[in-house]
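K.L.:
Below is a structure I'd like to ask you about.
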Amino acid sequence: MLYLVFKLLHVIAVVLFLGNIITGVFWKAHADRTRNPAIIAHAMGGIIEADRLFTVPAVILILVGGFGAALVNHLPLLHTPWILGGIILFTISGIAFMGWLVPLQRKLAQIARAAGGDSTRMDWPRYERLSREWAIWGLIALVAPLLALVLMVLKPI
């Protein structure tokens with residue numbers, strides 16, 4: 001029974017984690033299409049807040065649920081290939097998120113806020129350059145846990 005509780009916690013946290021990442025990508029793209037710095041600043045602030053409220057707690061619950069389920073079920077973490085692969089992919093996602101995405105999100109929000117709602121005051125070249133970096137690191141931060149999800153479900157190795 002304890003195994004199932006950990007597994008359920010893990011699955012709920014994964015849904016929350018991936019859902020928030022995917023939703024953040026949508027809202028940034030949606031705001032960027034407006035070319036309105038006030039909307040962009042608002043969306044970036046919401047993405048940053050959602051990461052604080054949903055992504056970070058989900059990471060903790062993913063770890064507690066995943067490690068708890070593996071340990072209760074007597075699965076060796078480093079000698080079960082699909083678990084080790086998932087840990088490596090989840091770590092890659094975390095490094096991309098903390099090392100690049102979080103600082104980029106803050107810079108993007110700051111650039112948009114500095115324009116004060118005036119698109120003529122927006123530093124578009126810098127914003128667009130940083131947005132391209134955000135997209136690259138965001139893709140890494142999203143694809144890695146999606147691949148981890150595939151490993152967890154299919155257990156191919």
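K.L.:
At 0.36 nm per residue, and after removing the present C-alpha to C-alpha distance, how many nm does the segment from residue 48 to residue 98 gain when stretched out fully?
P.N.:
16.8 nm is the gain from fully extending residue 48 to residue 98.
K.L.:
Sticking with the crude label model, points 7 Å out along Cα→Cβ, report the distance from residue 77 to residue 39 in nm, one decimal please.
P.N.:
Placing both labels 7 Å along Cα→Cβ, they lie 4.5 nm apart.
K.L.:
Further question on the same structure: Rounded to the nearest 0.05, what FRET efficiency is calculated for residue 157 and residue 1 with R0 set to 41 Å and r the Cβ-Cβ distance?
P.N.:
0.90
K.L.:
Using the number of other C-beta atoms within 10 angstrom as an exposure proxy, rank 23, 55 with the fewest first.
P.N.:
Going from sparsest to densest Cβ surroundings: 23, 55.
K.L.:
Simple spin-label model, 7 Å along Cα-to-Cβ: residue 23 to residue 63 in nm?
P.N.:
2.3
K.L.:
Of all alpha-carbon pairs in region 91-141, indicate the percentage at a distance above 14 angstrom. Present the calculation step by step, with values, prior to reporting the outcome.
P.N.:
Values: 657 of 1275 pairs.
More than 14 Å apart: 52 percent of the Cα pairs in region 91-141.
K.L.:
Order of 30, 42, 74, 10 from fewest to most other C-beta atoms within 10 Å?
P.N.:
Fewest-to-most ranking of 30, 42, 74, 10: 74, 30, 42, 10.
K.L.:
In addition: Taking only the alpha-carbon positions of region 47-129 and ignoring solvent, what does the Debye formula give for the base-10 log of I(q)/I(0) at q = 0.17, 0.18, 0.24 Å⁻¹?
P.N.:
Treating every Cα as an identical point scatterer, log10 I(q)/I(0) equals -0.79, -0.84, -1.13.
K.L.:
What is the gain in length, in nm to one decimal, between residue 135 and residue 113 on full extension, counting 0.36 nm per residue of separation less the C-alpha to C-alpha distance?
P.N.:
Stretched out fully, the residue 135 to residue 113 stretch lengthens by 5.9 nm.
K.L.:
Any idea what the relative contact order of the chain is, in percent, if you count C-alpha pairs under 8 Å spaced at least 6 apart? Could you put the intermediate results ahead of the total?
P.N.:
On the way: 170 pairs, mean separation 51.1, N = 157.
Over the chain, the number comes to 33 percent.
K.L.:
Would you mind pulling out the separation of the Cα centroids of region 44-86 and region 90-140, in Å?
P.N.:
Each part's Cα centre sits 25 Å from the other's.
K.L.:
Rounded if a/c is under 1.5, else prolate if a/b beats b/c, else oblate: with a ≥ b ≥ c from the C-alpha gyration tensor eigenvalues square-rooted, which is the chain?
P.N.:
Prolate, because a/c is 1.5 or more and a/b exceeds b/c.
K.L.:
Sort 128, 133 by Cβ crowding within 10 Å, fewest neighbours at the top.
P.N.:
Arranged by neighbour count, lowest to highest, 128, 133 become 128, 133.
K.L.:
Taking the Cα centre of region 33-157 as the origin and placing charges on Cβ (Lys, Arg +1; Asp, Glu -1), which of 122, 55, 88 is farthest toward the positive end of the dipole?
P.N.:
Going by the Cα projections, it comes out as 122.
K.L.:
At residue 124 and residue 143, where each label point lies 7 Å from the Cα along Cα→Cβ, what is the point-to-point distance in nanometres?
P.N.:
2.9
Bear in mind these aren't lab numbers, they're just calculated from the coordinates by the rules spelled out. Note that this is a predicted model, so its numbers are computed, not measured. Ideal geometry is used to build each Cβ from the backbone, glycine not excepted, and the neighbour counts take in all protein chains shown.
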